[in-house]
Amino acid sequence: MKRIALFALLLVLSTTTFAQKFFSLGPKAGFTTSKLTTNDAAIVNDFKTNFTGGLFIRLGSRTYVQPEVNFATKGGILNSSNVSFASRTINLKTIEVPILLGSKVFDFGIANFRFLAGPVGTYLLDKEVSFSSVPSVDATIFKELSWSAQAGMGVDILMFTLDVRYEFGLSDLFSEASIDGKTALFNVSLGWKLF
């Protein structure tokens, strides 16, 4: 009976260890430095620093898929010498869903280095726009759903995972008259693998 119990315990431990190598789940938090790029060379873009947080799942071992659901605040500061365009500070509250494909390039057991990239769907929850002066017309249209892509690198040490990523817009986040704007940001986040 003791041998059966010992065998069952070893089987559970080995299955858990095997599952941890191929499946990870946990929370993550970090900050972003973002700006809004436009197709108008007269508009100067300044960065804003914001926070992000959410959950990630990692499926796979050396090559893996990592879907995430994150709450992120992004935006930027737009200035222009053009009197018809009022300078503004934009804060956007969003839900981001990245689907990333990654690969470990160096694996040292308790630590590994990896690269990752993939598409990001962004759903706009709320927007806040503050103007430096009263605009003649506020015709800015923010899209509820926009698309971007992320690429970056990361390191895992024990149960912690640190990522540094760059995100660039694939579709317009907003439009105003003939001006279209996309997002561009750097993201640094720390995750905790619960499994």
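Overview of values
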| item | result |
| --- | --- |
| Any chance Val105 is more than 24 Å from the chain's Cα centre (by Cα), more than 20 Å from Phe31 (Cα to Cα) and modelled with pLDDT under 95 | no |
| In segment 104-129, the residues that are within 26 Å of Ile157 (Cα to Cα) and surrounded by 13 or more Cβ atoms within 10 Å (Cβ to Cβ) | Lys104, Asp107, Asn112, Phe113, Arg114, Phe115, Leu116, Ala117, Gly118, Pro119, Val120 |
| Segment 65-94, residues that are free of Cβ contacts under 8 Å to residues at least 40 places away in the same chain and either in contact with a His (Cβ under 7 Å, 6 or more places away or on another chain) or open to solvent by less than 10 Å² (accessible area, probe 1.4 Å) (or both) | Thr94 |
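One line per residue, one yes/no per condition, for (1) basic (Lys, Arg); (2) open to solvent by less than 70 Å² (accessible area, probe 1.4 Å); (3) touching a residue at least 40 places away in the same chain (Cβ under 8 Å):
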position: Ile141; (1), (2), (3): no, no, no
position: Ser146; (1), (2), (3): no, yes, no
position: Val155; (1), (2), (3): no, yes, yes
position: Leu158; (1), (2), (3): no, no, yes
position: Phe174; (1), (2), (3): no, yes, yes
position: Asp180; (1), (2), (3): no, yes, yes
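The values are calculated or read from the model by the stated rules, or taken from the named source; none is laboratory data. Note that the coordinates shown come from a computational prediction; the quantities given were computed from them, not determined experimentally. We place every Cβ from the backbone using ideal geometry, glycine too, and count neighbours over all the protein chains shown. These area figures cover heavy atoms from the full protein model, side chains too; ligands, DNA and RNA do not enter into them. Shrake-Rupley method; radii C 1.70, N 1.55, O 1.52, S 1.80 Å.
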